[in-house]
Amino acid sequence: MDVIPLGPGFGAELRGVTLADVAGNDAAYSAVRAAFEEYSVLVFRGQQVNDDIQLAFSRRFGPPEVTKVGSMGTGSHFVILSTFGPNGKVVPADHRQSLRSKANQLWHTDSSFKRVPALTSILSARIIPEHGGETEFVSTRLAFERLDKALAERLESSFAWHSYAHSRSQIAAGLATPDEVNALPPVCWRMVWRNPVNGRGALYLASHAYGVEGMDEAAGKALIDELTAAATAPGLGYLHQWRQGDVVMWDNRATMHRGRPWPAHEGRLMIRTTISATEADGVAGMGLPSPQAAE
Ligand code: OGA
Ligand code: MN
């Protein structure tokens, strides 16, 4: 397996390894896992992808999420990001499916709004538009390491509130349905996620984050906005231009990503699997200590 660095200080393309190798071979998995811990975003090109291979690969990294209510693929291990309607035609720009792809165009990390956050997401290109539709990544690990020491120390003991309804409300009122809002109450996480393998901290931020525990609403939001702006400033990202056969996986603990727009009349179909973080991934201690636990 060859590792070809891609982005400004993170991201790598892996050559000489297939998803099926990782699914079926411990040594291949270990090599890819080590690259994942180090590079945060991994690109596999020229893959023969189908749902079974993608899921078998994904399962190596931990337990797959079950797709939440309100998303296409609900109840399965797949999130279907599609702008094709049931009749096979591309849906109009104001259709719910299009608006949902717009919400993915805000800088975010996947599943920070869930009770169990995600370790990694694995995204495969199935039908790609001719223009645009890239996915862009930044390293929140490098962003954390660029902060001045006093702020970094303060953030290590700070917690932010995340909610799905919040990120969706930025796109359109009511984009999160009552079912989704009820299923996904706000959750609170540490603002720095330490990688247990290499000890490096990363800002844990997202479009889902709306407030900082113990700060007034406006000040907390201003802090989140300021940190997001610093993490995503021009020149810091890796822009993935999708080709047929591409699979990209990323570390939700140490990156943010966003989709880029494409012409509404061109269809796009991507399939995502998402792996929940476990104790080995450093999730223990990410939650807000309860008052009882603090005593
Ligand atoms: C995702 C996501 C962006 C894209 O799959 O989690 O944010 O470009 N995708 O499809
Ligand atoms: Mn996403």
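Over the chain, dividing the summed -39,500 (n - 2.57) contributions of all DSSP H runs of at least 4 residues by the number of residues returns a 222 nm mean residue ellipticity of -7500 deg cm²/dmol. Stokes-Einstein diffusion for the chain, with the hydrodynamic radius set to the Kirkwood value over Cα pairs and evaluated at 4 °C in a medium of 1.567 mPa s, equals 67 µm²/s.
When the P(r) is computed for the range 208-295, the part past 18 Å accounts for 67% of the Cα-Cα pairs.
Once you have the alpha carbon radius of gyration of the range 119-171, what is it after dividing by 2.2 N^0.38 Å, with N set to its residue count? The value comes to 1.68. Spatially, the range 131-183 and the range 246-269 are offset by 15 Å when compared through their Cα centroids. When the chain is described by a simple charge dipole with +1 on each Lys and Arg Cβ and -1 on each Asp and Glu Cβ, the residue from Thr232, Gln244, Ser167 located farthest towards its positive end is Gln244. Note on Asp52 and Ser30: the extension gain reaches 5.9 nm, defined as 0.36 nm multiplied by sequence separation minus the Cα-Cα distance.
Relative to the current alpha-carbon distance between His265 and Ala222, full extension at 0.36 nm per residue lengthens the span by 11.9 nm.
Counting only protein heavy atoms, what percent of the accessible surface of the chain is carbon or sulfur at a 1.4 Å probe? On the chain, the fraction of accessible area on carbon and sulfur atoms equals 55 percent. Amide hydrogen proximity for Glu13: with H placed 1.01 Å from N in the peptide plane, the residues at 5 or more positions away or on another chain lying under 5 Å are Ile4, Leu6, Val43.
In the full protein context, the chain carries 44 Å² of accessible surface per residue, based on a 1.4 Å probe and ignoring ligands, DNA and RNA.
Over all projection directions, the Cα-based convex hull of the range 1-73 averages an area of 5.8 nm². Shown in residue order for the range 119-129 are the 3J(HN,Hα) couplings computed by the Karplus curve 6.51 cos²θ - 1.76 cosθ + 1.60 at θ = phi - 60°: 6, 9, 10, 10, 10, 10, 8, 10, 9, 10, x Hz (x for Gly and Pro). For the chain, leaving out every one of the trypsin sites (Lys or Arg not before Pro) that falls in a DSSP loop and has at most 14 other Cβ atoms within 10 Å, the longest unbroken run is 116-242.
The values are calculated or read from the model by the stated rules, or taken from the named source; none is laboratory data. Keep in mind that this is a model prediction, so the values were computed, not measured. Every residue, glycine among them, receives a Cβ derived from its backbone with ideal geometry; neighbour counts consider all protein chains shown. Quick note on the areas: whole protein, heavy atoms, side chains included, nothing else; ligands and nucleic acids left out. Shrake-Rupley method; radii C 1.70, N 1.55, O 1.52, S 1.80 Å.
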